[in-house]
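The values are calculated or read from the model by the stated rules, or taken from the named source; none is laboratory data. As the structure is a computational prediction, the values presented were derived from the model and not from experiment. Counting neighbours? That spans all protein chains shown, and the Cβs are built from the backbone with ideal geometry, glycine included. Just so you know, the surface numbers come from the protein's heavy atoms only, side chains and all, with ligands and any DNA or RNA stripped out. Shrake-Rupley method; radii C 1.70, N 1.55, O 1.52, S 1.80 Å.
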Amino acid sequence: MNQLNHYLEISPKVKEALQEGSPVVALESTIISHGMPYPKNVKTALEVERIISICGALPATIGILDGKIKVGLTPQEIERLGKEGLSVSKTSRRDLPFVLAAKVTGATTVAGTMIAAHLAGIRFFATGGIGGVHRGGQDTLDISADLVELQQTPVAVICSGAKSILDIGRTLEYLETGGVPVIGYGTDEMPAFYTRESGHPLVIRADDPRMVADAFRVQRALGLRTGMVIANPIPKEAAMDADLINKAIGDALEEAEAAGISGKEVTPFLLERVVRQTGGASLDANIALVLNNARLAADIAIAYAGNGNF
Ligand code: PSU
Ligand code: MN
C-alpha cells in the first residue's frame, strides 16, 4: 500500500466510476457538521446525494474518520458527522496533517474537500458558499484558506457565491489576483448566497453546463493549476429579502465582534446567528440553493465526462 492510500480511502463505487470516467460530484462535510443544525444537516446531505444520483452522476461526500480521508461516505457516516456537529474538527488545508495523525473526526471545508477531491481524481464539487475575505479582512487578514486553495488545486466549485457576512468585493479581488475564473451561471454579477444579486459585476458568464465543462477542459489542457468558481444564484422562489437578511447579518457581525470570536470559529458562529435571527428562513434558503447547486454540478460533470475527459 502506498503512503497516500494509507490516508485516503475511496469507496468502491466511487473508485469504479472514476476508473470508467463516469461523472462524479464531490461534496463537503463542514456544511454538515458546522453549517447546519442536526437533523436537518443530515437530511439535506442525503437529499443532495439523491439529487446528484437522479441527475445521472455519482455523489461522493468527503470527511475524515478514523485517521483516513474518506471519499464517498456511507449514510451512517454522514449521520455520525451530522450528529457530532460542532465537536467534529473543522478541517482545512492547515488542519489535515494533525486531524489525520491524531485520528480525530474531521469535517472538510471547501479547501479540505478540494484537496481530497483532487487526490481522488474528482474534478467537480458542489456546495453552498465558499469562504472569502471577511469584512475588515484588510486589517485582520481573516481571509479564508478556500481562496488560496482555489489558486492551486484544479477542482471546479459550484456554489452560490459568498455570503454577505463576507466582503464580496475584496473576495473577488483576491480571486482575480490568484487567477481563479469566477463564472456567473446565468448571471452577470456575483450572487450573494441568500440573494441573487450582490452589485458586484462578473466578467465571465455561462448559460449552459457544456460551456463550463469546455472551459474547465481548456484550463486543464493548458496545465493551469487553478480551480474555478461557478457562481449559481439561489433559485428566485427561494431567494430572501435583501433588507431582512442584511439586517440579520449586521446584527450577527456585531455579536461576533462583542463576543471576541476569531479564527475558524467566525464562519460557523455567524451562520448560526443568522439562522436564529431569521427564525430559520435562512436555513430553508440555504438548503434550496445547495440542492440547486448539486443539480448543476451533476450536469457539468456529465457534460465533461461525455466529451472525453482527462
Ligand atoms: N459558507 C457557508 N456555509 C458553510 C461554509 C461557508 O455558507 O458551511 C463553510 C465551508 O466549509 C467553507 C468554510 O469552506 O465554512 C470557510 O470557513 P473559513 O472562513 O474559516 O475558511
Ligand atoms: Mn477565517
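Computed values, structure above
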{"item": "Test: LEU147 is in contact with a Gly (Cβ under 6 Å, 6 or more places away or on another chain) and assigned to a helix (DSSP H, G or I)", "result": "no"}
{"item": "Residue list for segment 85-102, filter: buried (at least 16 other Cβ atoms within 10 Å of the Cβ) and under 18 Å from the mean Cα position of the chain (by Cα)", "result": "GLY85, VAL88, SER89, LYS90, THR91, SER92, ARG93, ASP95, LEU96"}
{"item": "Filter result (in contact (Cβ under 8 Å) with a residue 60 or more places away in the chain and open to solvent by 20 Å² or more (accessible area, probe 1.4 Å)) within segment 273-283", "result": "VAL275"}
{"item": "Residue match in segment 231-241 (condition: open to solvent by less than 50 Å² (accessible area, probe 1.4 Å), of a type outside the set (Lys, Arg), closer than 27 Å to THR113 by Cα and assigned to a helix (DSSP H, G or I))", "result": "yes"}
{"item": "Subset of segment 28-84 [open to solvent by less than 40 Å² (accessible area, probe 1.4 Å) and of a type in the set (Gly, Ala, Ser)]", "result": "SER29, SER33, GLY35, ALA45, ALA57, ALA60, GLY63, GLY67, GLY72, GLY82"}
{"item": "Qualifying residues in segment 269-310 (those that are of a type in the set (Phe, Trp, Tyr) and part of a helix (DSSP H, G or I)) - the one farthest from ASN232 (Cα to Cα)", "result": "PHE269"}
{"item": "Close pairs from segment 202-231: first at pLDDT 95 or above, partner of a type in the set (Ser, Thr, Tyr) and surrounded by fewer than 18 Cβ atoms within 10 Å (Cβ to Cβ), Cβ under 6 Å, at least 6 apart", "result": "none"}
{"item": "Positions within segment 136-174 being at pLDDT 95 or above, of a type in the set (D, E, K, R), within 13 Å of ligand 1 (Cβ to nearest atom) and within 19 Å of GLY199 (Cβ to Cβ), in sequence order", "result": "ASP167"}
{"item": "Residue match in segment 255-265 (condition: touching a residue at least 12 places away in the same chain (Cβ under 8 Å), within 16 Å of ligand 1 (Cβ to nearest atom), among the charged types (D, E, K, R) and touching a Lys or Arg at 6+ places or on another chain (Cβ under 9 Å))", "result": "yes"}
{"item": "Test result for TYR185, touching a strand residue (DSSP E or B) at 6+ places or on another chain (Cβ under 6 Å), at pLDDT 95 or above and hydroxyl-bearing (Ser, Thr, Tyr)", "result": "yes"}
{"item": "Selection within segment 14-53 - β-branched (Val, Ile, Thr) and in contact with a Phe, Trp or Tyr (Cβ under 8 Å, 6 or more places away or on another chain)", "result": "VAL24, VAL25"}
{"item": "From the options VAL133, VAL155, residue that is more than 13 Å from ligand 2 (Cβ to nearest atom), of a type in the set (Val, Ile, Thr) and either farther than 25 Å from PRO59 by Cα or open to solvent by less than 20 Å² (accessible area, probe 1.4 Å) (or both)", "result": "VAL155"}
{"item": "Which listed residue, of GLY186, GLY179, GLY106, GLY128, is open to solvent by 30 Å² or more (accessible area, probe 1.4 Å), more than 15 Å from ligand 2 (Cβ to nearest atom) and touching a helix residue (DSSP H, G or I) at 6+ places or on another chain (Cβ under 7 Å)", "result": "GLY179"}
{"item": "Test: residue in segment 186-203 that is away from ligand 1 (no atom under 16 Å from the Cβ), under 27 Å from ILE245 (Cα atoms) and not in a loop (DSSP other than H, G, I, E, B)", "result": "yes"}
{"item": "Test result for ARG220, away from ligand 2 (no atom under 16 Å from the Cβ), part of a helix (DSSP H, G or I) and open to solvent by 40 Å² or more (accessible area, probe 1.4 Å)", "result": "yes"}
{"item": "Residue that is most open to solvent (accessible area, probe 1.4 Å), among those in segment 136-152 that are more than 13 Å from ligand 2 (Cβ to nearest atom) and more than 27 Å from VAL218 (Cα to Cα)", "result": "ASP139"}
